[in-house]
Amino acid sequence: MYLKRISLTNFRNHSETNLEFKSRLIFFIGNNGEGKTNVLESISLLSYLKSFRESDENQLLMWDSPFTFVKAEFEAGNEDYLFEFGIQNGPISKRKKIKINGELVKRISDSVGFFRSVILSPPDIKIIEAGNIERRKYIDAFISSTNSGYLNHLIEYNHILKQRNSALKKDNATEKEIEIWNAPLIEREAEISKERKRTIDQLSEYFYKNLISLSQGKDQFQIAYKPNVSNKEEHLEKLKRNLRKDLAIGYTSCGNHRDDIPIGFEDKDLSHFGSQGQKRSAVIALKTAGFQMIRDQTGEAPVLLIDDIIRELDVKRREYFVNLISECGQVFFTTTDLEGIKEYIGSKDLDREIFEVRDGKVTKV
Ligand SMILES: Nc1ncnc2c1ncn2[C@@H]1O[C@H](COP(=O)(O)OP(=O)(O)O)[C@@H](O)[C@H]1O
Ligand SMILES: [Mg+2]
């Protein structure tokens, strides 16, 4: 996976930024608030089709601009791709448009899996600290970034759930009006659970090994999957059993949106017992696991996006990082100064390019 060019038009504080990359290691340097993370955010859009830090897409449009446009050329599996991504200020259904090699994609999910990347950024610590909601979000984004079928199931599941919840909230809703959603919900639930389990089982193996090497054998933690319902029969039975309660609260109380993803050992979760150092290691081990899993499954290293995290790490964790980076394909970093570059790549003499970011303008150093 290799990003050759990217241009941003009215993307956050970048009115017009055109970049060409010729190296494996690319650094964006600049003070806080100049627009470095914005560049990584635009690159990760190509994989995740939405921002890694923002759920409101309107925030991606430069203030007062009617649209934003990102255009990228990359190489994947020895093929060249042109990816164009536009968001317009307007009704949700018409807002986002994606073209691949000049052709408009019909469904947004048809554009996943072309550009594969993994991002590591300071807010990732939430995945460990904030528990199941953030963990489900992470797992869903991770699977969806390479699996359009999963993304579709998820979109459908959420849509059906919303319909069922609206029916539950209605005054005088009949049981029939609610139960009509049960079968379609159960169908999607089964698909989503199957994929979550498959992915988490694999991710956990990588995670375990990474953590062992990050902690010199001390941290032996795993990621588990505890679905809220274990099969279709149980799901139906629970939907029926909970009907009274669901009507009272106006909400469907069982299903994938209640799955647990414990990280730790036995019944102890890192979010409760972990030290800051253990949590940081866990984030790195998890994101690296995602990177390794995509690499091993596709036979090609995804692009790695590293947003300003190295300073938070101690010497041992930095060493691990430097070794990881030498095994990677293309890596994009942000850092506030040139000293930061040494911390990322140690004393290794690797081919690199440096760009300076100032007030949404990027110049090659
Ligand atoms: N929609 C937007 N339009 C214009 N500027 C924005 C928008 N969203 C964020 N910004 C600006 O972008 C800057 C933050 O960019 P960011 O890439 O996070 O900085 P950093 O270099 O610290 O990583 C801030 O100056 C912020 O005001
Ligand atoms: Mg930043």
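The values are calculated or read from the model by the stated rules, or taken from the named source; none is laboratory data. Remember, it's a predicted structure, so these values are computed and weren't measured experimentally. Methodologically, a virtual Cβ is constructed for each residue, glycine included, from the backbone with ideal geometry; neighbour enumeration extends over all protein chains shown.
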Screening 180, 143 for residues that are modelled with pLDDT of 95 or more, among the hydrophobic types (A, V, I, L, M, F, W, C) and either in the same structural domain as residue 82 (by TED's automatic domain parsing) or surrounded by fewer than 16 Cβ atoms within 10 Å (Cβ to Cβ) (or both) leaves only 180
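Yes or no, residue by residue, for (1) under 22 Å from residue 104 (Cβ atoms); (2) of a type outside the set (Asp, Glu):
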| position | (1), (2) |
| --- | --- |
| 20 | no, no |
| 24 | no, yes |
| 32 | no, yes |
| 37 | no, yes |
| 40 | no, yes |
| 58 | yes, yes |
| 62 | no, yes |
| 68 | yes, yes |
| 82 | yes, yes |
With respect to residue 220, determine if the residue is closer than 30 Å to residue 329 by Cβ, part of a loop (DSSP other than H, G, I, E, B) and more than 18 Å from the chain's Cα centre (by Cα).
yes
Lone qualifier among 346, 340, 277, 329 - being within 16 Å of ligand 2 (Cβ to nearest atom) and modelled with pLDDT under 95:
340
So residue 53 passes all but one of these: (1) out of contact with any strand residue (DSSP E or B) (no Cβ under 8 Å at 6 or more places or on another chain); (2) loosely packed, with under 14 Cβ neighbours inside 10 Å; (3) among the basic types (Lys, Arg). Which condition number does it fail?
(2)
The one condition in (1) assigned to a strand (DSSP E or B); (2) touching a residue at least 24 places away in the same chain (Cβ under 8 Å) that residue 32 fails to fulfil:
(1)
Can you pull out the residues in region 42-63 that are of a type in the set (A, V, I, L, M, F, W, C), farther than 16 Å from residue 120 by Cα and away from ligand 1 (no atom under 12 Å from the Cβ)?
49
Regarding region 36-47, can at least one residue be identified that is touching a residue at least 40 places away in the same chain (Cβ under 8 Å), surrounded by 22 or more Cβ atoms within 10 Å (Cβ to Cβ), among the small types (Gly, Ala, Ser) and more than 15 Å from ligand 2 (Cβ to nearest atom)?
yes
